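Read the structure below first, then the notes.
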Amino acid sequence: MSIEYLKRGKSDAERSEDDAKTRKIVEETLAQIEARGDDAARELANKFDGYDRDSYRLTEDEIAALIAEVPQDDLDDIRFAQAQVRAFAEAQRASMTDIEIETLPGVILGHRNIPVQSVGCYVPAGKFPMVASAHMSVLTASVAGVPRIAAATPPFKGKPNPAVIAAMHLGGAHEIYVLGGIQAVGAMALGTETIAPVDMLVGPGNAFVAEAKRQLYGRVGIDLFAGPTETMVIADETVDAEMCATDLLGQAEHGYNSPAVLVTTSRKLAEATLAEIDRILAILPTADTASVSWRDYGEVIVCGNHDEMLKVANDIASEHVQVMTDRDDWYLANMHSYGALFLGPRTNVANGDKVIGTNHTLPTKKAGRYTGGLWVGKFLKTHSYQKVTTDAAASEIGAYGSRLCLLEGFVGHAEQCNLRVRRYGGVNVPYGGAAPRSVAAE
């Protein structure tokens, strides 16, 4: 192996220490919300957002007034983005069909895809108003057929952000709350005097929101553990340093702890990218955020060949993986752990974040090893059913079931099967006994 780090970020131990501090704060905050409901949510909203109102749910008139503040060109852009997201989500939904098959004469098995009945969608807006997150969560839930969609977003510069509210409303939200952070996801999951609890939480957020969702998982469902944004650029000598640096810093500006990693076979490109990052940070308006992320979480890794780059990329399992090489489709065929792939220099992560149509809520912190991102299927539960329609099938399946239950020592289970063998097959099986094999053979 010839893997070399030209720059490293914080160690795993340092990152774990940060996580432990966040975990304690979230645990204490959720306990307050559960015990004191609206009062706790209001105190937290005042403390962290400096925002207070009688009800944190927007009225229909307030929603209409906020949408009226959005310039028509911006509304047109929001509608265009939602059309792309809707088209892809509808195609995904169409791929998930209900099924019913007859596995044996008289034995019917099937499944139905049923929407989750209530979902809480969190849309970040504290540092940046994440208009696109409304498309990804609210609109996708709407395509899935979720009958109750509650959406929450923090105030932006002291008031609800009109564009975010417009995107939530156009996406199909039934309830819109101006609440942020732990208090938003906690109130939606646990319920308060004025907010009915939901069955599922979705949407990205900062480290505190991600940890709150983790702690609430089990009481409610969640989409995935979506923490701070991560990006990786896999590049060879076919692209230049400006492209690599721009794609790295474009995601590092999300927050102070957004990992950005360059993996390349070219030392020349790696060194040039480091210099280009310094140049861009000197002129980037969001450099106060991006520079901290790059300093603490940025990494540059030089590999000997594409096989080594593939191994490094799969081990890191980054949320966004931008591939710009002479063999992009090879990475598509061989990458197995990531959030989403962005193939070739003509595409980029920002397109995926905002407009191209795929969902931007993606797994972070190596969760891409075991789950994909948010999609219409996350809002659907696949439930199976069984139906036996003939006496012969009831007795045949019952005889097998009787013997297999007794193999495990479950006499009560076996009697459920034996009763069917006696009633529908006319075979006198003693109580707690095993049905004879001749029943299944007849």
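Results, tabulated for the structure shown:
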item	result
Alpha-carbon centroids, region 1-15 and region 50-109: separation in whole Å	40
Between helix 306-316 and the chain: long-axis angle, C-alpha atoms, 0 to 90°, nearest 10	70
Surrounding net charge for residue 267, when Lys and Arg each add one and Asp and Glu each subtract one, Cβ distance under 14 Å	-3
Relative contact order (percent, whole number), the chain, Cα cutoff 8 Å, 6+ residue spacing	18
Anisotropy class of region 1-88 from Cα gyration tensor, a/c 1.5 cut	oblate
³J(HN,Hα) computed for each position of region 224-230 - Karplus, 6.51 cos²θ - 1.76 cosθ + 1.60, integer Hz, glycine/proline x	5, 8, 9, x, x, 4, 10
12 Å cut-off, amide nitrogen to a point 7 angstrom out along residue 57 Cα→Cβ, residues in region 124-164	149-151
Most mobile listed residue (240, 76, 38) in the chain, GNM with C-alpha springs under 10 Å	76
For the chain, built as a Gaussian network whose Cα springs stay under 10 Å, the top-fluctuating residue of 233, 411, 26	411
Using θ = phi - 60° and Karplus 6.51 cos²θ - 1.76 cosθ + 1.60, couplings along region 3-10 (whole Hz; Gly, Pro as x)	7, 10, 8, 7, 8, 10, x, 4
Average accessible surface area per residue within the chain, 1.4 Å rolling probe, Å²	46
Equivalent ellipsoid, region 110-225 (semi-axes from 5 times Cα gyration tensor eigenvalues, Å)	21, 17, 12
Equivalent ellipsoid semi-axes - Cα gyration tensor, region 350-392, angstrom	38, 14, 6
Largest to smallest accessible area among 3, 283, 63 [probe 1.4 Å]	283, 3, 63
0 to 90° range, to nearest 10: angle between helix 411-425 axis and the chain longest Cα axis	60
Cα-based helix-to-principal-axis angle, 241-252 vs the chain, degrees rounded to 10	60
Most to least packed among 8-20, 392-404 [average Cβ atoms within 10 Å]	392-404, 8-20
Over 20 Å between alpha carbons, listed pairs 21/311; 157/354; 213/378	21/311; 157/354
Highest-first arrangement of 359-367, 46-54, where packing means the average Cβ count within 10 Å	359-367, 46-54
Percent breakdown of C-alpha pair distances by 10 Å bin, ordered from the shortest bin, for region 1-155	8, 21, 26, 22, 15, 7, 1
For region 4-119: relative contact order, % (alpha-carbon pairs under 8 angstrom, 6 or more apart)	9
Percent carbon-and-sulfur accessible area, the chain, ignoring ligands, DNA and RNA, probe 1.4 Å	53
Within-12-Å neighbourhood charge of residue 336 [Cβ basis; K, R +1; D, E -1]	+1
Formal net charge of residues neighbouring residue 323 (Cβ-Cβ distance under 13 Å; K, R +1; D, E -1)	-3
Shape call, region 201-311: gyration tensor on alpha carbons, a/c limit 1.5	oblate
Residues whose placed amide H lies under 5 Å from that of residue 233, excluding near-sequence neighbours	261, 262, 263, 322
Convex hull of Cα atoms in region 81-169, direction-averaged projection (nm²)	6.9
Residues with amide H under 5 Å from that of residue 7, placed H, sequence gap 5 or more	300
Per-residue HN-Hα couplings for region 335-344 [Karplus 6.51, -1.76, 1.60; θ = phi - 60°; Hz; x = Gly/Pro]	5, 10, 9, 5, x, 8, 9, 10, 9, x
Whole-number percent relative contact order across region 63-178, with pairs defined as alpha carbons under 8 Å at least 6 apart	31
Pairwise Cα inverse-distance average, inverted: Kirkwood Rh of the chain (Å)	24.5
Shape of region 249-292, Cα gyration tensor, a/c cut at 1.5	oblate
Within the chain: Cβ-based charge dipole about Cα centre, in debye rounded to nearest 20 (Lys, Arg +1; Asp, Glu -1)	1300
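The values are calculated or read from the model by the stated rules, or taken from the named source; none is laboratory data. None of these values were measured; they are calculated from a predicted model. Quick reminder, even Gly has a Cβ in these numbers, built from the backbone with ideal geometry, and neighbours come from all protein chains shown. The accessibility values were calculated without ligands, DNA or RNA, using every heavy atom of the protein model including side chains. Shrake-Rupley method; radii C 1.70, N 1.55, O 1.52, S 1.80 Å.
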